[in-house]
1. If the cut-off is a Cα-Cα distance under 13 Å, which aspartates and glutamates reach LYS80, setting aside same-chain residues fewer than 8 apart in sequence?
2. Counting only residues 5 or more places away or on other chains, whose amide H sits under 5 Å from the amide H of VAL244 once H atoms are built in the peptide plane?
3. Quick one: which of 232-243, 30-41, 132-143 comes out on top by average Cβ neighbours within 10 Å, and what's the full order, highest first?
4. If each of ASP248 and LYS199 carries a label point 7 Å out from its Cα toward its Cβ, how far apart are those two points in nm?
5. Between ALA152 and TRP103, what FRET efficiency follows from the Cβ-Cβ distance if R0 is 30 Å, with the result rounded to 0.05?
6. Per 0.36 nm of contour for each residue apart, how much would the distance between GLN261 and SER134 grow if the chain were fully extended, relative to their Cα-Cα spacing?
7. For segment 208-266, rounded, prolate or oblate, judged on the Cα gyration tensor with a ≥ b ≥ c (square roots of eigenvalues), a/c < 1.5 rounded, else prolate if a/b > b/c?
8. If I take R0 = 45 Å and measure r between the Cβ atoms of ILE222 and VAL58 in this structure, what FRET efficiency does the formula 1/(1 + (r/R0)^6) give, to the nearest 0.05?
Amino acid sequence: MAELTPYVIAYGLPLIFGIVLLEQLGAPIPTLPVLIVAGALAVDRNLSAVQILTVAVVASLLADSVWYVLGRLRGQRVLKTLCRISLSPDSCVRQTESLFERWGMPALLIAKFIPGFSTVAPPLAGAMRGRTASFLLYDAGGALLWAGAGVAGGMLFHRAIDPVLAALASSGGWALVLLVAGLAVFVAFKWWQRRRFYKFLRMARISVEELRRLMDDGKNPIVLDVRTRAGRIRDPRRIKGAAVLDVDNLDAELRALARDQEIILYCT
């Protein structure tokens, strides 16, 4: 461990900057453990906790600003692209939209604590035309809370983390192999979940042409728009004759639906 300490001190801050930047841009990299380890090293080493936090917040704000600008410029297209590559497409936008509906820009303060939302929230804020000053203020605050939680945890439990660091150091290259293998298993599991989700969608899906045919044949299907209010504001286009279904009041809404007609749902 002693031999590795100078390298950690020398390259720690650039390493933290790069990892945080990549994760916030969308790479499946677990950054919080890195911040916890950095916090532990800050207790007994020459690594400054203030510097760690500053680097993490700047990297996060830089990446989020890129997504925010893309959201303002491209809106719905950026969100659709994110959901196509997301490891959790079933909850890619809806829950983030719900947070924004409930809290507005202050939702950015907790977005990084919710897996999958830290990447979706900034472009969604841009697509919803949130004020740039408010975005920068709350996004920086959220990044500080998120990074601060990791660094504080490392500083608080540094005595328990030091033996783990020593074990990793003594294992040499095998530690890196194990970390990469663990990340690969996580990504593979999320990919399997993603494929299962899309397989379910294909089984329950109806095409635009099939829906049009039902309408032209006088079958009068019940078409329900189950997008959030923010989703409807962002993209005001609607299927003709569709009714809005309030998912938050789902039980009451479902009881009012006829049972002798086809029911078609569409969302974001």
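1. ASP90, ASP235
2. Hits under the 5 Å cutoff: ASP225.
3. Details: 232-243: 12.4, 30-41: 21.3, 132-143: 18.6.
Final packing ranking: 30-41, 132-143, 232-243.
4. Roughly 3.6 nm, to one decimal.
5. Numbers: r = 24 Å, r/R0 = 0.80.
The formula returns an efficiency of 0.80 here.
6. Values: separation 127, 0.36 × 127 = 45.72 nm, distance 4.63 nm.
This chain segment gains 41.1 nm when fully extended.
7. Working: a/c = 3.08, a/b = 1.21, b/c = 2.53.
Because a/c hits 1.5 or more and a/b fails to exceed b/c, segment 208-266 counts as oblate.
8. Details: r = 51 Å, r/R0 = 1.13.
The calculated FRET efficiency here is 0.35.
No value in this document is a laboratory result; all are computed from the given coordinates. These numbers come from a predicted model, not from an experiment. In this analysis, Cβ positions are derived from the backbone assuming ideal geometry, glycine residues included, and neighbour counts consider all displayed protein chains.
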